[in-house]
Amino acid sequence: MVVRSCVSSRRILSFAAFASVYVLAFSAPLAPAQDAEHAPSEQNAVPSDVSADRPPNVLFISTDDLNHDLGCFGNPDVHTPHLDRLARQAVVFERAYCQYPQCSQSRSSMLTGLRPDTIRVYDLSTHFREHVPDVITLPQLFRQHDYFVARAGKIYHYGNPGDIGTNGLDDPPSWDLVVNPSGRDKAEEHLITNATARRGLGSSISWLAAEGTDEEQTDGLVTTSIISLMEANRDRPFFLAAGFFRPHSPYVAPKKYFDLYPLDTISMPEVARDDFADVPPIALASTKPWPWFGVTRDEARRGKQAYYATVSFVDAQVGRLLDSLDRLGLAENTIVVLWSDHGYFLGEKGLWKKQSNFERVARAPLIIRAPGMTDGSKAVGDNCSRPVEFVDIYPTLADLCGLTPPNDLAGTSLRPLLADPDSDWDRPAFTQVRRGRNVFGYSLRTQRWRYTEWGPQGSEGVELYDHETDPGEATNLAASPEYADQVAALRTTLRELSDRRPEP
């Protein structure tokens, strides 16, 4: 059953009514029948009587292009009270890394538990089942174990904003039900200011301080959908995936979130080409023209302001979801995962967006609240500084829910780190990205070092950064003789992965 919502710009004023109609339309068949008058609402649903031996639910919250500029990751200037609340109840993985810093590649890898070279997804159009047709995805595993499994919004890749309201590059075997809302942000694209006029909205620096309410935006409708699904299925095990489209460009959010960030408080870093003389040119090739796609400093500041506004808007939606878990009596038996597909540059190094192997992009938020593990031990509100990978999410959720995952997954369960964030952990994290059709960059992150090779055997450039002394990756040490032994050791580990890349 597929539920979609598409609303024309002529019906902007009826978004709230529309949301309630389409939620009731799909929730009724999924639970004991209820008429509209007595259907549960966000305000008055009856708490669930959760059995102690019932399998845990999973609420998987996915964000698009969210970086670490969050209160719970140490940025006090960004207003994220609800993410900060979740972090206080959970383990925050400070060093969690994507396997490919672009939407489809990262999502396909995480949801299959396999590396990009295994599924051979290097672009935004290839579906992973073209190369691994029989793979069992993370949500599909839960379907096989009698969970109700549904998503609303973007979990697998969507062109954003082009595919809003459609299935995008979805995977039908993964879901019992999908909801594809389309809100006011989609209907009002003609109002958006695009400072990069030659770039489409999905790859632009563009913004809109929107009129209206949260619930009229696509991500507000995603939240309403997931809340309704919680209400309709609160007496059975569920895996619900809330896929938010923000803070991906265009940066659209209700105006009140822009008001949190007065423009005179937004600054941009000073950048000059000479500062990157030790960096291989290919490492900076994700942003052309450089810097900042050619926008002015004032336009860049407005883009950064708008990005932060969308972050706070998404934070508010997360708050609605957490409040609903509490109201329905589900919080004590629901694992909550907050995840972003990759990090994001906002002008640092002259770069904007993703598609690089620098820390700012390879690293992305990962927060896990696991009842019984993160609600009474030393792990509550702790931060874990061990390097972990997004391919670890699949085996972790399977482990926490007592499910047996496929035996070929690339990652490992994070259960030991949930129990004790300071546990011994010697696994590095790998990230890769492609330039053009044939040149790959592979990057290795250990507790201390980031080592990157571009092209076969590093023929297009090599980078080494010491994160104990240089967390901003300002000085490339790869050519320094005193670090030759370190380069050699890291090279061996990295090439165990990069040398296995299949031929085109």
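Values quoted throughout were computed directly from the atomic coordinates according to the rules given, and no laboratory measurement underlies them. All values reported here derive from a predicted model rather than from experimental measurement. In this analysis, Cβ positions are derived from the backbone assuming ideal geometry, glycine residues included, and neighbour counts consider all displayed protein chains.
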Just from its helices, what would the mean residue ellipticity at 222 nm be for the chain, if runs of 4 or more DSSP H residues each count -39500 (n - 2.57) and the sum is divided by every residue, rounded to the nearest 500 deg cm²/dmol? -7500 deg cm²/dmol
Simple Cβ-charge dipole of segment 110-155, Lys/Arg +1 and Asp/Glu -1, about Cα centre, in debye nearest 20: 140
Calculated from backbone phi, Karplus (6.51, -1.76, 1.60) coupling profile of segment 287-302 in Hz, x at Gly/Pro: 10, 9, x, 9, x, 6, 6, x, 7, 6, 4, 5, 5, 4, 4, 5
Given charges at beta-carbon only (K, R positive; D, E negative), |dipole| of the chain in Debye: 1080
Phi angles of segment 137-149, converted by Karplus (6.51 cos²θ - 1.76 cosθ + 1.60, θ = phi - 60°) into ³J(HN,Hα) in whole Hz with x for Gly and Pro, give 7, 4, x, 5, 4, 5, 4, 5, 10, 6, 7, 7, 10
Out of residues 5 or more away from F148 or on other chains, whose amide H comes under 5 Å of its own, with H placed 1.01 Å from N in the peptide plane? F238, F239
Starting from 0.36 nm per residue, how many nanometres of slack lie between T404 and Q447 once their C-alpha separation is accounted for? 12.5 nm
Identify all lysines with a Cα-Cα distance to K256 below 22 Å; exclude those on the same chain that are fewer than 8 residues away in sequence. K186, K304
Any idea what % of Cα-Cα pairs in segment 212-300 are farther than 17 Å? 69
How large is the convex hull of the Cα atoms of segment 195-258 per residue, expressed in Å³ as a whole number? 89
FRET efficiency for A419 and D123, Cβ-Cβ distance as r, R0 = 35 Å, nearest 0.05? 0.35
I need the P(r) histogram for segment 69-171: all alpha carbon pairs, bin width 10 Å from 0 out to the longest distance, whole percents. 14, 32, 36, 17, 1
How would segment 416-504 be classified by its alpha-carbon gyration tensor: rounded, prolate or oblate, with rounded meaning a/c under 1.5 and the a/b versus b/c comparison settling the rest? oblate
Straight distance only, please: which aspartates and glutamates reach the Cα of K288 with their own Cα at less than 15 Å, same-chain residues fewer than 8 apart left out? E348
Residue by residue through segment 201-207, which ³J(HN,Hα) values in whole Hz follow from phi under the Karplus form 6.51 cos²θ - 1.76 cosθ + 1.60 (θ = phi - 60°), with glycine and proline marked x? 4, x, 10, 9, 9, 8, 7
Treating cross-link reach as a plain straight distance, find the aspartates and glutamates whose alpha-carbon is under 18 Å from the alpha-carbon of K353, omitting any fewer than eight places away in the same chain. D64, D65, D69, D123, E270, D298, E299, D341, E473
For helix 103-112, report the angle its Cα long axis makes with the longest principal axis of the Cα atoms of the chain; keep it between 0 and 90° and round to the nearest 10°. 70
According to the Kirkwood expression over distinct Cα-Cα pairs, how big is the hydrodynamic radius of segment 148-204, in Å? 12.7
Quick note, segment 370-480: a/c under 1.5 would make it rounded; otherwise a/b > b/c is prolate and the rest oblate (a ≥ b ≥ c, C-alpha gyration tensor); here it is oblate
Which value does Rg/Rh take for segment 290-414 over its C-alpha atoms, Rh per Kirkwood? 1.05
Could you calculate the FRET efficiency of Q144 with D278 from 1/(1 + (r/R0)^6), where r is the beta carbon distance between them and R0 is 51 Å, rounded to 0.05? 0.50
Is the shape of segment 99-232 rounded, prolate or oblate, going by the alpha carbon gyration tensor and its root eigenvalues a ≥ b ≥ c, with a/c under 1.5 for rounded and a/b larger than b/c for prolate? oblate
Extreme residue, positive dipole direction of segment 120-222, given options L138, W175, A210 (C-beta unit charges): L138
Around I266, which amide H atoms from residues at least 5 apart in sequence, or from another chain, sit under 5 Å from its own amide H, with H modelled in the peptide plane? none
Rounded to whole Å, give me the distance from the Cα center of segment 110-146 to that of segment 269-305. 34
Beyond 41 Å, what share of the Cα-Cα pairs of the chain remains, rounded to the nearest whole percent? 15
